[in-house]
Amino acid sequence: MTTQHSMASFLKGAALLTLAGFFVKLLSAVYRVPFQNLVGDEGFYIYQQVYPFVAIFGIWTSYGFAVAVSKLLAEHPNREHAGILRTAFWLIAGISVLTFVTLYTGAGFFADRMGDPELSGLLRVGAFAVVFMAPLAIMKGRLQADGKMAPVASAQVTEQAVRVAVILIGSYAAVSSGLSLYAAGQVAIAAAGAGAFAAVILLIRSYKKQGPLAAGTTLKGTARKLLVTSLGISMSSLLLVLFQLVDSFTVYRLLAEQLGDMQAMVQKGVYDRAQPLVQFGILLATSLTLSLVPLIARTNRQKAGRPPELYASLAFRVSLLFAVAAAAGLTLVMPYVNEALFKTRDGSFALIIFNWQIVSMSLVLVLTAILYGYGKVRVPALLLVLGLMLKLVGNLLLVPTYGITGAALAGNMGLAFIAIALIWYFKKVWPLRFAPLRFYGWLTVAIGAMSIAVLGFEAFIVPLVSGWPDRLVAVFVTLTAVPLGGSVFLLAAAKSRLITEKEWYIIPFGRRLAAMQIAINLRKKRS
């Protein structure tokens, strides 16, 4: 009974954090659309150039370090907790100070290397975003270790909600007041610090309720363990941001040599439109599957119950299912989605190329998470670095000739290399068959059915609304073709039972999909 209760609590906590993570990632993808509409492609370029600098540190500390602290606390007795938290605090505080000094004093250097000296002001503002990361990581880590998931989930949502509110309201105020787009960008970058501050204030009360810890000795090697663990946990989440950082240092500078400064800014802003689209696609593909990763590690330690192979195979199949559907769906409606969200169809072909990163990135996130659960960190980390280098070389070779399409191709090559190499390494570590050939066959059929439905609908409906304003047509087609394509895909997937009803029930929030699939197949049998 105790074991069942423990598993139920574990699943409840995992589901809560999954839901909070879903909402946070959704906000992260969605806010960029109104922001781009406020500041245009040039303003979007300005923000996206500096965003990776702040995001890398934020993901590493508030996510990676928080989980690392939680893991170490769970692995050691209570008498050692004070020493672990003390070491963690001073380690993160030291890294925060180093990051602040590097960003603030090196702002001019980094801005020059990116080819736009005006970005130095945004980098200096971004330096202040690191101030609250140490207490935030410590409080999240201890609360998670004590099983207090609700305040952690609330803090995550609050942090992102405050950040998004400051970005949109602040940018609107800056633009309305006639300030420069660089000033609007500074407000948007400062929002990261505002969100972190709000999360710290929210967590203080819950943290104090945990009570003081007894004085304990500092464990040898704690700092090294925290560094290695935090990087291992966050490396896959950092990957997309690191790819953006490579773009920050190469794409605009290379475009400016060909097109001039102003046109290069606009083109880089158009290229950056892909970020929210890819983030949304990855969100659909990974939010459910990543919730299975703790179950894989947990069941691997238990002799009874479902085998961990079931969860690993299911995570791979669900991730691939939704990732391919999202990438193919966006390909079919990209010109309309581009115009509906961002006012014009500029760069639609490059965005189509870019959006297929959804598939590789989704698989990378899931596979690295599973491998980390088995303690396999070094090889995946090396593969991620090699993929990042391939992206850099690809940008240098392809952007001068093919512009933003070349940058998208370089990203695809880097991520595809990582995904393929991870699958190869995974099978060496764990000889697991991810999916039968039947799965890939029916997945292709489902994508084909969706393509026929969407393209046929577009061919029929667009001539009927051709007299409408262009953007209204784009909005209408997007709001009708996307649900149609998604419905046809889910119907085909449900009829072919690519994921069985029992498997849907394993996934948090998968009950509705299981119920839908049961209903569809019951009707099929009756007919």
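Descriptive notes on the structure:
- Residues of the stretch 256-285 that are over 12 Å from PHE354 (Cβ atoms), of a type in the set (A, V, I, L, M) and open to solvent by 10 Å² or more (accessible area, probe 1.4 Å): ALA256, LEU259, MET262, MET265, VAL266, ILE282, LEU284.
- Test: residue in the stretch 63-78 that is modelled with pLDDT of 80 or more, in a helix (DSSP H, G or I), among the hydroxyl-bearing types (Ser, Thr, Tyr) and within 30 Å of ASN338 (Cα to Cα): no
- Residue list for the stretch 149-182, restricted to those being in contact (Cβ under 8 Å) with a residue 40 or more places away in the chain, aliphatic (A, V, I, L, M), within 25 Å of ASP116 (Cα to Cα) and open to solvent by less than 40 Å² (accessible area, probe 1.4 Å): ILE167
- Residue-level analysis places LEU122 among those that are in a helix (DSSP H, G or I), at pLDDT 90 or above and touching a Phe, Trp or Tyr at 6+ places or on another chain (Cβ under 8 Å).
- The stretch 461-513, residues that are open to solvent by 70 Å² or more (accessible area, probe 1.4 Å) and not in a helix (DSSP H, G or I): SER466, GLY467, TRP468, PRO469, ARG497, PHE509
- Test for LEU455: is it more than 28 Å from the chain's Cα centre (by Cα), part of a helix (DSSP H, G or I) and among the aliphatic types (A, V, I, L, M): yes
- Checked against the criterion of being within 17 Å of MET334 (Cα to Cα), open to solvent by 50 Å² or more (accessible area, probe 1.4 Å) and of a type in the set (Val, Ile, Thr), the candidates ILE447, ILE452, ILE518 yield just one match: ILE452.
- Selection from the stretch 333-380 of residues that are over 21 Å from ALA274 (Cα atoms), open to solvent by 10 Å² or more (accessible area, probe 1.4 Å) and of a type in the set (A, V, I, L, M): ALA369, VAL377, VAL379
- Assessment of the stretch 228-241 against the conditions (open to solvent by 40 Å² or more (accessible area, probe 1.4 Å) and either touching a Phe, Trp or Tyr at 6+ places or on another chain (Cβ under 8 Å) or under 22 Å from TYR271 (Cα atoms) (or both)) yields at least one matching residue.
Each row is one residue, and each column tells you yes or no for (1) at pLDDT 95 or above; (2) more than 30 Å from TRP504 (Cα to Cα).
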site: GLY456; (1), (2): yes, yes
site: LEU464; (1), (2): no, yes
site: TRP468; (1), (2): no, yes
site: VAL475; (1), (2): yes, yes
site: THR480; (1), (2): yes, no
site: GLY486; (1), (2): no, no
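- Unique match (being in contact with a helix residue (DSSP H, G or I) (Cβ under 9 Å, 6 or more places away or on another chain), of a type outside the set (Gly, Ala, Ser) and within 22 Å of PHE44 (Cα to Cα)) among PRO135, PRO151, PRO117: PRO117
- Top-ranked residue in the stretch 78-103 [being out of contact with any Gly (no Cβ under 9 Å at 6 or more places or on another chain) and closer than 14 Å to THR222 by Cα; ranked as surrounded by the most Cβ atoms within 10 Å (Cβ to Cβ)]: ILE92
- Selection status of VAL200, open to solvent by less than 50 Å² (accessible area, probe 1.4 Å), assigned to a helix (DSSP H, G or I) and either over 19 Å from LEU17 (Cβ atoms) or at pLDDT 90 or above (or both): yes
- Unique match (being of a type in the set (Gly, Ala, Ser), at pLDDT 90 or above and either within 30 Å of THR401 (Cβ to Cβ) or not in a helix (DSSP H, G or I) (or both)) among ALA304, ALA323, ALA340: ALA323
- A residue that is open to solvent by 60 Å² or more (accessible area, probe 1.4 Å), assigned to a helix (DSSP H, G or I) and modelled with pLDDT of 80 or more can be found somewhere in the stretch 9-24.
- Verdict on ALA419 being assigned to a helix (DSSP H, G or I), open to solvent by less than 80 Å² (accessible area, probe 1.4 Å) and among the small types (Gly, Ala, Ser): yes
- Among residues of the stretch 423-440 being within 17 Å of VAL318 (Cβ to Cβ) and of a type outside the set (Phe, Trp, Tyr), the one that is most open to solvent (accessible area, probe 1.4 Å) is ARG433.
- Members of the stretch 254-301 that are modelled with pLDDT under 95 and hydroxyl-bearing (Ser, Thr, Tyr): THR286, SER287, THR289, SER291, THR299
- Yes/no for THR405 being surrounded by 22 or more Cβ atoms within 10 Å (Cβ to Cβ), in contact (Cβ under 8 Å) with a residue 40 or more places away in the chain, among the β-branched types (Val, Ile, Thr) and out of contact with any strand residue (DSSP E or B) (no Cβ under 6 Å at 6 or more places or on another chain): no
The values are calculated or read from the model by the stated rules, or taken from the named source; none is laboratory data. Computed from a predicted structure; not experimentally measured. Glycine also receives a Cβ, built like all others from the backbone with ideal geometry; neighbour counts cover every protein chain displayed. Side chains are part of the model used for accessible areas, which takes the heavy atoms of the whole protein and leaves out ligands, DNA and RNA. Shrake-Rupley method; radii C 1.70, N 1.55, O 1.52, S 1.80 Å.
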